[in-house]
Amino acid sequence: MIPLFLGLTGANLALLVVTLSMGLFAADAIGEPTRWYGLHIGVAIMSGMFCVLAQVAVYTYFIATTKWLGAATDKAALEPRRFVEPARRRKLFAFGVCMTPVAVVMLTMFAGAGADPTAGQPWWPAQVHLALAVAAVVVNLVAAILQYRLIRAQGELIDEAARRACVAADKRADETSVVGHAS
């Protein structure tokens, strides 16, 4: 998952920075749209959609791995407190870590619509949109750091559960072969 996560997160952050950079040139000194304006809007929509994709992919990982740990714990008679409970807590925390960047990016997009110079009188100054755009990049970066740590911890838990499940399966196989030879 780490390579996939790094690729999605890197692309997400790059798109957000490109969108922010284009936004700096989307209007001139008096607030009139420049030739960058239309491109900024298109890339911003793509960035928002990609942010959702990246965050959903990360959260889906926690849904799937928590479910797998539950099944592995049942199948191999492992301790649920050791494997399932930490995975569930991590999944719950990951939900907030994944949805916060999406919320900030969506709020940034709405603020951009409210500051749109082509829609007549903007509802608020473009600086509101700019401040939220900077916040969106920072929030996504902080979320990426937290997600990386959560994914590594979940992966370590899965590795340990898999090792213990293999040991339990080997013991059952050995017991079955001993019983088979005794008859």
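The values are calculated or read from the model by the stated rules, or taken from the named source; none is laboratory data. All figures in this text were calculated on a predicted structure; none of them were measured in a lab. Neighbour counts are summed over all protein chains in view; Cβ atoms, including those assigned to glycine, are modelled from backbone coordinates with ideal geometry.
Reported count of residues in the stretch 1-46, each being of a type in the set (S, T, Y), under 28 Å from the mean Cα position of the chain (by Cα) and crowded, with 18+ Cβ neighbours inside 10 Å, is 2. In the set (1) more than 30 Å from G38 (Cα to Cα); (2) without any contact (Cβ under 8 Å) to a residue 12 or more places away in the chain, W123 fails one condition alone, (1). Listed by first and then second residue, the pairs linking a residue in the stretch 167-183 that is surrounded by 10 or more Cβ atoms within 10 Å (Cβ to Cβ) to a residue that is in a helix (DSSP H, G or I) and at pLDDT 70 or above, with Cβ atoms under 8 Å apart and 6 or more places separating them unless they lie on different chains, are A168/A76; A169/A76. Whether any residue in the stretch 51-73 is free of Cβ contacts under 8 Å to residues at least 12 places away in the same chain and not in a helix (DSSP H, G or I) is what I want to check. No - not one qualifying residue is present in the stretch 51-73. So, V139, is that one of a type in the set (V, I, T), surrounded by 14 or more Cβ atoms within 10 Å (Cβ to Cβ) and within 27 Å of A14 (Cβ to Cβ) or not? Yes; evaluated as a whole, the condition is true for this residue.
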